[in-house]
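*Asks:* Sharing a structure, written as structure tokens. Questions coming.
Just so you know, all these numbers are worked out from the coordinates, no wet-lab data involved. Note that the structure is a prediction, hence the values are computed from the model and not measured. Positions of Cβ are generated from backbone atoms using ideal geometry, with glycine treated the same way; all protein chains shown enter the neighbour counts.
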Amino acid sequence: MKKRVFACLMIFFMAGFAFADDISEGLKHYFNKDFERALVYFQKPEVQENPRVQNALGYMYSEGAGVRQDYQKSLYWYNRAADQQYPGAQYNLGLMYEDGTGIQKDHTKAMAWYQKAASHNNPRAQVAIGLLYKNGQGVRQNYEQAFKWFEKAAKQDNAAGLIHLSALYYTGQGTSKDLSKSAELNRRAAELGNDMGQFNLARSYDHGFGVEKSASDALYWYTRSAENGNARAMDRLTDVYRYGKLGQPVDEKKADEWEARAKIAWSTRDDKPSTGKRFLQRILQD
């Protein structure tokens, strides 16, 4: 009898390990953007109970990645994960309501989902709430509330939170104007590798906004930003080398190279990525 019980327990534990391996393998392929292989694992009923898998399926159906695009199925899977209190899914539902992706646009419902995700300290949801307050979407415009939520995200070293908080210090909206704090927040975002933080910091050095003016530092950060794909930084470098600015000699070859890269960057620029793309940016950083 004891041997039979032991054997049953071993089968149970081995099945549990296999189940965990299926989730791990599926998510590994998903993170590598090999969606067809990920789907092989995600189609297993027991794997589909995992909230991260449900969230990933929500993305795949939203973007038609490895499956036929189906916004209703995307909403279904996001809701399944959100019901398990998965903050990423709650955030993504907020995005879908904010963008009107597969559902009627509703900033009030978007705010409600962002609030749920933010209750789990999700920094991207905190930024999203801040933007709704800043822009007066679904709520009355309130820069003080925007400042509060951007600050929460910034404290978690979220690059978007740092940049938006920097902008409020720069303009003096929702707080006292402070160019030094604005520059320091952009520095933190820049050091995280964020191209907009790098561009903003370069401008601070270029014009002496909150920091001592420095042509060499401006050039360094414009270059870092441009190498990270920032079209505005590429435009500035084109100007620098075309006319010999920031202490650089005229270099038509470099100017032409940056101008060509800028044209490509501007032509492919997406000012507001889709819900799915924003989710993929988030999950690949987790």
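*Asks:* Which distance in Å, rounded to a whole number, links the C-alpha centroids of region 184-255 and region 89-135?
*Replies:* Comparing the Cα centres of region 184-255 and region 89-135, I get a distance of 33 Å.
*Asks:* Which of His120, His164 comes first, and how do the rest follow, when ranked by fewest Cβ neighbours within 10 Å?
*Replies:* His120, His164
*Asks:* With the dipole of the chain worked out from charges on the C-beta (+1 for Lys and Arg, -1 for Asp and Glu) around the Cα centre, which of Tyr97, Leu237, Tyr30 lies farthest toward the positive end?
*Replies:* Farthest along the dipole direction, towards plus: Tyr97.
*Asks:* Mean-square fluctuation check for the chain, GNM, Cα pairs under 10 Å: which of Ala81, Ala154, Ala262 is largest?
*Replies:* Ala262
*Asks:* Given charges of +1 on the Cβ of Lys and Arg and -1 on the Cβ of Asp and Glu, with all other atoms neutral, how large is the dipole of region 28-100 about its Cα centre, in debye to the nearest 20?
*Replies:* 240 debye
*Asks:* What FRET efficiency comes out for the pair Asp178/Gln156, r = Cβ-Cβ distance, R0 = 22 Å, nearest 0.05?
*Replies:* Efficiency, from the Cβ-Cβ distance: 0.55.
*Asks:* Ignoring trypsin sites (Lys or Arg not before Pro) that are buried or in helix or strand per DSSP, and keeping those with at most 15 other beta carbon atoms within 10 Å, what is the longest stretch of the chain between them?
*Replies:* Here the longest segment lacking exposed loop sites spans 214-268.
*Asks:* On to the next question. Where the eigenvalues come from the Cα gyration tensor of region 28-100, what are the semi-axes √(5λ) of the equivalent ellipsoid, largest first, in whole Å?
*Replies:* With the √(5λ) rule applied to region 28-100, the semi-axes are 18, 14, 10 Å.
*Asks:* Another one. So how far apart, in nm, are the two label points at Lys28 and Arg242 if each is 7 Å from Cα heading toward Cβ?
*Replies:* Here the modelled spin labels are 5.0 nm apart.
*Asks:* Let me ask something else about it. As I understand it, the dipole of the chain uses +1 on the Cβ of Lys and Arg and -1 on the Cβ of Asp and Glu, about the Cα centre. Which of Asn135, Asn194, His120 lies farthest toward its positive end?
*Replies:* With unit charges placed on the Cβ atoms, the residue in question is His120.
*Asks:* For the pair Gln85 and Lys105, how long in nm is the line joining their label points, each one 7 Å along Cα→Cβ?
*Replies:* 3.4 nm
*Asks:* May I ask which of Lys213/Lys253; Lys28/Lys263; Lys213/Lys263; Lys155/Lys245; Lys33/Lys73 have a Cα-Cα span longer than 31 Å here?
*Replies:* Pairs exceeding 31 Å: Lys28/Lys263; Lys155/Lys245.
*Asks:* Of all the C-alpha pairs in region 117-254, what % are more than 21 Å from each other?
*Replies:* The calculated P(r) of region 117-254 puts 45 percent of pairs beyond 21 Å.
*Asks:* Can you compute the charge dipole magnitude of the chain about its Cα centre, using +1 on each Lys and Arg Cβ and -1 on each Asp and Glu Cβ, nothing else charged? Give it in debye, rounded to the nearest 20.
*Replies:* With only Lys, Arg, Asp and Glu charged at Cβ, the dipole is about 640 debye.
*Asks:* Run the helix sum for the chain: -39,500 (n - 2.57) per DSSP H stretch of 4+ residues, divided by residue count, reported at 222 nm to the nearest 500 deg cm²/dmol.
*Replies:* Dividing the helical sum by the residues of the chain leaves -23000 deg cm²/dmol.
*Asks:* If each residue's Cβ is checked for other Cβ atoms within 10 Å, how do Phe199, Phe209 rank with the fewest at the top?
*Replies:* Phe209, Phe199
*Asks:* Ok, one more. Do any of Lys105/Lys152; Lys109/Lys148; Lys105/Lys177 go past 30 Å between their Cα atoms, and which?
*Replies:* The answer is Lys105/Lys177.
*Asks:* Using the alpha-carbon atoms, what tilt in degrees (0 to 90, nearest 10) does helix 2-31 show relative to the longest principal axis of the chain?
*Replies:* Relative to the chain, helix 2-31 is tipped by roughly 30 degrees.
*Asks:* Between (i) 15.8; (ii) 31.5; (iii) 18.8, which matches mean projected area of the Cα convex hull in nm² calculated for the structure shown?
*Replies:* (iii)
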